[in-house]
1. Could you please give the count of residues in the range A:249-284 that are assigned to a helix (DSSP H, G or I) and among the β-branched types (Val, Ile, Thr)?
2. Taking the condition charged (D, E, K, R), assigned to a helix (DSSP H, G or I) and either under 30 Å from residue A:352 (Cα atoms) or modelled with pLDDT under 95 (or both), does residue A:151 pass?
3. Restricting the search to the range A:255-306, which residues are within 24 Å of residue A:146 (Cβ to Cβ) and aromatic (Phe, Trp, Tyr)?
4. When you go through (1) away from chain A (no Cβ under 14 Å); (2) in contact (Cβ under 8 Å) with a residue 60 or more places away in the chain one by one for residue B:75, which number turns out not to apply?
5. Could you grab me the full set of residues in the range A:81-110 that are assigned to a helix (DSSP H, G or I), of a type outside the set (Asp, Glu) and over 20 Å from the mean Cα position of the chain (by Cα)?
6. Restricting attention to the range A:285-304, which residues are part of a loop (DSSP other than H, G, I, E, B), under 18 Å from residue A:351 (Cβ atoms) and in contact with a Leu (Cβ under 7 Å, 6 or more places away or on another chain)?
7. Could you identify the single residue in A:305, A:379 that is within 13 Å of chain B (Cβ to nearest Cβ), over 27 Å from residue A:10 (Cα atoms), of a type in the set (Ser, Thr, Tyr) and buried (at least 17 other Cβ atoms within 10 Å of the Cβ)?
8. Pairs, please: C-beta under 6 Å, at least 6 apart or cross-chain, first residue farther than 21 Å from residue A:163 by Cβ and not assigned by TED's automatic domain parsing to the domain that holds residue A:295 and in the range A:106-132, second surrounded by fewer than 17 Cβ atoms within 10 Å (Cβ to Cβ) and of a type in the set (Asp, Glu)?
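The values are calculated or read from the model by the stated rules, or taken from the named source; none is laboratory data. Everything numeric here is computed off the predicted structure, so don't read it as measured data. Glycine gets a Cβ as well: all are built from the backbone with ideal geometry, and neighbour counts include every protein chain shown.
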Amino acid sequence: MIYLDNAGTTKVSKKVKQAMLPFFDEDYGNASSLYTFGQRAKEQLENARAMVAKCLNAQPREIYFTSGGSESDNWAINAAAQIGARQNKKHIISTTFEHHAVLHTLKKLESQGFEVTYLPVHENGIVRLDELKQAMRLDTCLVTIMFANNEIGTIQPIAEIGKLCREKKILFHTDAVQATGHVAIDVVAMNIDMLSMSSHKFHGPKGVGALYVRQGIALSNLIEGGAQERGKRAGTENVAGIYGMAVALQDAVAEMKEVAARETKLRDKLFTELGKIPHSAINGDRKHRLPNNFNMCFEGIEGESLLLLLDDAGVCASSGSACTSGSLDPSHVLLAIGRPHEVAHGSLRLTLSKYTTEDEIDYVIKKVPEIVDYLRKMSPVWDELQKGERKYAL
Amino acid sequence: MLYSEKVMDHFRNPRNVGEIPDADGIGEVGNAKCGDIMRMYIKVKDNIITDVKFMTFGCGSAIATSSMATELIKGKSLDEALALTNQAVVEALDGLPAYKLHCSVLAEEAVKAAIKDYYDKHNIAYDEEQYCTGNCACCHMHDVHEE
């Protein structure tokens, strides 16, 4: 099997798995217990917090452990909205191509009287600072813009956005689920107030994430019932998962340069070779994107068929077609960068990891054109394009 | 698994793919915007569908339902083909996930559209209401998705 859906989830590394094991049947004490055995778990929990904080240039007390990216996004945005509401500021700025964990939270806030401005992300999949500046108002309480997009991998000008928000005294949250462990993050230098991350995107376990909240921001409680996470998120900590995430992040940051260089080389080979397929196009800026993200549209075919045939060929991939999303509309991200519906249905996302080999990439480079060709031959859309009855979009 | 063995078989080895250059009737239903288009070609002799071919742009179940629909109407009379329901296509495929049922409706509509085209070309009277209106919502059975 060739696994190229690392933006979906990643394999837990051997080292991370080993680091987690003792917490299941050796150091299994409750971190809230007084006895030494429990306190040993507590110590490791706090070590993990310090490790995660260091990777972001944050302070340990600014890290809150959660169940993952969606929870972190929900928590951060709702907390910022509460702060805003207290000051009668009920305007939020975001983008059209955020993850649904952000978009659905914003939708809910809109139904509660908040107003949200969704910035366009243009053809390159990157927000424009002047448009952000223009959207800022006296009653803006929050700017939430993702660090890097989950589908097309485009990296946003986070440091510039952070600086602008700090100048205007507006809280800035970033969903960094895809970016953490893949690109360098410095919450201080980048003026980030809140940041969401998820462990399983960088070879850590699933079900664990973290929210960074800059000291001084009044984060509201998420779960009542205990003193865990400074009383803000009750519930006995998943020490194994949390420690696994910390080790995974530490490794990811240590290996970042080397892994990114390798992934970029393989990813660019995919772009070059699969770009030779006629009437295809790269989705999102080719340079300002995550090193492991490949995303292209192939005109005249539909993504789910492509994925099923790739699966038959032993390749795990992803698409933004409506059929893979279980709805009628194709990916909101591809629509946000201006792809017409019929083209967006034919997208392919391949996301690499440090384990991806050149042989695997070469195999995919051989297989994808065969499958695209096969599907085009039975596609009435392709037939119409070829006969000039329909205009090529790509 | 998302799909039954039968669906995967018809997806991997679709029957009757292609076009019939001198078709007696051609029907095309669906909308590229919605992600699925089916085109069906039929040859008719003495009221019997002697040959049928299809081309489909769409997901796995769109291809599988097209393939199965062609199998079910090949060699049948026009009246028998017109009586084909999406339910019959679904049953022949050992079921489809609920959100893929619209593909089977599309297959039924494609058959009807091809027969309607045959009637039109041969000046044979028919009841308009039986046929695809070109409105995707009919097939998708949920959110209206107009141009």
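1. 4
2. no
3. Selection gives A:271, A:294.
4. Of the numbered conditions (1) away from chain A (no Cβ under 14 Å); (2) in contact (Cβ under 8 Å) with a residue 60 or more places away in the chain, the odd one out for residue B:75 is (2).
5. A:81, A:82, A:83, A:84, A:85, A:86, A:108, A:109
6. The one that is part of a loop (DSSP other than H, G, I, E, B), under 18 Å from residue A:351 (Cβ atoms) and in contact with a Leu (Cβ under 7 Å, 6 or more places away or on another chain): A:292.
7. The match here is A:379.
8. Listed by first residue and then by second, the contacts come to A:116/A:110.
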